[in-house]
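Peer 1: Take a look at the following structure, please.
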Amino acid sequence: MENGTSLSEVAGLDGTVDFNDPLANFFRKTLKLNWASLWFVALLYLGPIEKLLLPALGGYLNLNAGIREWNPHVEAMLTGFIEFPALLAFYLWSGKSVVKLFGEMRGHKSFTDLDAYDAFVDRALKSFRRKLWPIIGLVVAVLSAAAMHFFVWSESAQVPPWFGDRVGMRALTLFVIGVMAYTVFQSLVREGLVIIWLGRLWRELGGELEIHPYHEDQAGGLAGIGRHTVVFLFYVVILMLFILMATILPGFLEQGAPGENIPFRLWSPILIGIWASYLILIPCMILLLIWPAHNIMLEKRTEKLTIYSIQLDNLVSKAAQYSSGEPEKFEKVLQMTENLKKMRAQILDDFPVWPLSGESTRMLGFTSSLPTLYSAVTFIVSALS
């Protein structure tokens, strides 16, 4: 097999892992959208059109009252303008990102046996494109829409749906909820497979891994892993905030009479839950995606250092032999020892041991600040009430 062969040719793909996914095909091939344009279209429809224009035309838009009397209410605004567009964008992004992740490592020649690597990736990508995943996703979508219709938005619902008893709007909203449940399921399945197959990659081909200390990506050629992890982490944070919002805001919307303040305390169980979830999330993401790569990069550095350590041990033994009666050889051995120590120190300084570029590290810091931002928004919303 030629080394220039692309992963798409190796696996028989079109550059994605979701070409058996009917919804992804509809977005990509019918609507000609990429993840960025899908985010914009989703934001336009789910935000201004569905939450502002249609209610205005229907005569039930009301944003002049207190925040708890908004119609559509604040929960619908957050899902339409922030969460749902972001979840949809990640869904379409991840379909190509998986192939790009494996393709970058091949392009960077991160493995010495490219034929073995191609065979491994072929097996991996076939597991992503199984037709079973869309079928299960459809079942999840139907069940999610049914749960919303029969339970969350039942006649005894604590907070009535923002569209009232309008059948057409209910059907449209339930359809969107089903689509979102489908995309979330597919996204989580893909990320679970990424974790599984990266783990297998290190176990099966770890001995073939080649780290390039001075690669331009600042991560020895493995920066794609860090970039993918950071974007997925951002996705999980958005998903986590959506779940918390869906738990918090119904109580916020139904509590008290208009104008009545909602008590807010810094030790609120809600805030404790946000931080506890996030403090659990960060180590799990590092453990499952970044940590295995970090461990094998450490092993590769140790292999390099061991060569020099053995040579230094031998030189120290020779220096002891020459120290008493052969000063010229002793000086020569000392000079060689100093040179080897410098090389060893250079490896310690320059050999990358994390699959993170500078950009990924900065994004990781930004993502870590999101719970603080959410806590601030919660406080502001409470104050406005």
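The values are calculated or read from the model by the stated rules, or taken from the named source; none is laboratory data. Owing to the predicted nature of the structure, the values given are computational and were not obtained by experimental measurement. All Cβ positions, even for glycine, are placed from backbone atoms using ideal geometry, and neighbour counts span all protein chains on display. For the accessible areas, the whole protein counts, side chains as well, though only heavy atoms, and no ligand, DNA or RNA atoms are used. Shrake-Rupley method; radii C 1.70, N 1.55, O 1.52, S 1.80 Å.
Peer 1: Need pairs with beta-carbon distance below 9 Å; first residue touching a residue at least 60 places away in the same chain (Cβ under 8 Å) and within region 41-53, second of a type in the set (A, V, I, L, M, F, W, C) and assigned to a helix (DSSP H, G or I); sequence gap 6+ or separate chains.
Peer 2: Note: pairs meeting the criteria are L46/F81; L46/F84; L46/L88; L46/V176; E50/A76; E50/M169; E50/L172; E50/V176.
Peer 1: Here is a check on your reading of the model: is A65 closer than 30 Å to G164 by Cα and either modelled with pLDDT under 90 or in contact with a Lys or Arg (Cβ under 9 Å, 6 or more places away or on another chain) (or both)?
Peer 2: yes
Peer 1: Quick one: which residue in F351, F330 is over 30 Å from L244 (Cα atoms), modelled with pLDDT of 90 or more and open to solvent by less than 90 Å² (accessible area, probe 1.4 Å)?
Peer 2: Of the residues listed, the single one that is over 30 Å from L244 (Cα atoms), modelled with pLDDT of 90 or more and open to solvent by less than 90 Å² (accessible area, probe 1.4 Å) is F351.
Quick grid of which residues meet (1) surrounded by 19 or more Cβ atoms within 10 Å (Cβ to Cβ); (2) in contact with a Lys or Arg (Cβ under 6 Å, 6 or more places away or on another chain); (3) of a type in the set (V, I, T); (4) in a helix (DSSP H, G or I):
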{"residue": "L143", "(1), (2), (3), (4)": "no, no, no, yes"}
{"residue": "A147", "(1), (2), (3), (4)": "no, no, no, yes"}
{"residue": "A157", "(1), (2), (3), (4)": "no, no, no, no"}
{"residue": "G168", "(1), (2), (3), (4)": "no, no, no, yes"}
{"residue": "A171", "(1), (2), (3), (4)": "no, no, no, yes"}
{"residue": "Y182", "(1), (2), (3), (4)": "yes, no, no, yes"}
{"residue": "S187", "(1), (2), (3), (4)": "yes, no, no, yes"}
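Peer 1: Could you figure out which of (1) open to solvent by less than 20 Å² (accessible area, probe 1.4 Å); (2) part of a helix (DSSP H, G or I); (3) over 30 Å from E50 (Cβ atoms) isn't true of G221?
Peer 2: (2)
Peer 1: Then there's this: Pick from V167, V176: which is of a type in the set (V, I, T) and touching a residue at least 60 places away in the same chain (Cβ under 8 Å)?
Peer 2: Of the residues listed, the single one that is of a type in the set (V, I, T) and touching a residue at least 60 places away in the same chain (Cβ under 8 Å) is V176.
Peer 1: Residue under question is T378, and the condition is that it be of a type in the set (S, T, N, Q), open to solvent by less than 60 Å² (accessible area, probe 1.4 Å), more than 26 Å from A219 (Cα to Cα) and at pLDDT 85 or above; does it hold?
Peer 2: No.
Peer 1: So, one more: Given the conditions (1) open to solvent by 80 Å² or more (accessible area, probe 1.4 Å); (2) farther than 30 Å from L205 by Cα; (3) of a type outside the set (K, R); (4) at pLDDT 75 or above, which single one is not true for I307?
Peer 2: (2)
Peer 1: So, one more: Out of the residues in region 314-327 meeting the condition of being among the polar types (S, T, N, Q) and either assigned to a helix (DSSP H, G or I) or in contact (Cβ under 8 Å) with a residue 60 or more places away in the chain (or both), tell me which one is surrounded by the most Cβ atoms within 10 Å (Cβ to Cβ).
Peer 2: Filtering region 314-327 for residues that are among the polar types (S, T, N, Q) and either assigned to a helix (DSSP H, G or I) or in contact (Cβ under 8 Å) with a residue 60 or more places away in the chain (or both), the one surrounded by the most Cβ atoms within 10 Å (Cβ to Cβ) comes out as N314.
Peer 1: Still on this model: When only residues in region 190-218 that are part of a helix (DSSP H, G or I) and among the acidic types (D, E) count, which is nearest to the chain's Cα centre (by Cα)?
Peer 2: Looking at the filtered set, the residue picked out is E191.
Peer 1: Name the one entry in K100, K96, K109 that is among the basic types (K, R) and at positive phi.
Peer 2: K109
Peer 1: Would you point out the residue of region 128-141, among those that are in a helix (DSSP H, G or I) and surrounded by 14 or more Cβ atoms within 10 Å (Cβ to Cβ), that is nearest to the chain's Cα centre (by Cα)?
Peer 2: Across region 128-141, the extreme among qualifying residues is F128.
Peer 1: Which condition does K109 not pass, out of (1) surrounded by fewer than 22 Cβ atoms within 10 Å (Cβ to Cβ); (2) in a helix (DSSP H, G or I); (3) of a type in the set (D, E, K, R), if it passes all the others?
Peer 2: (2)
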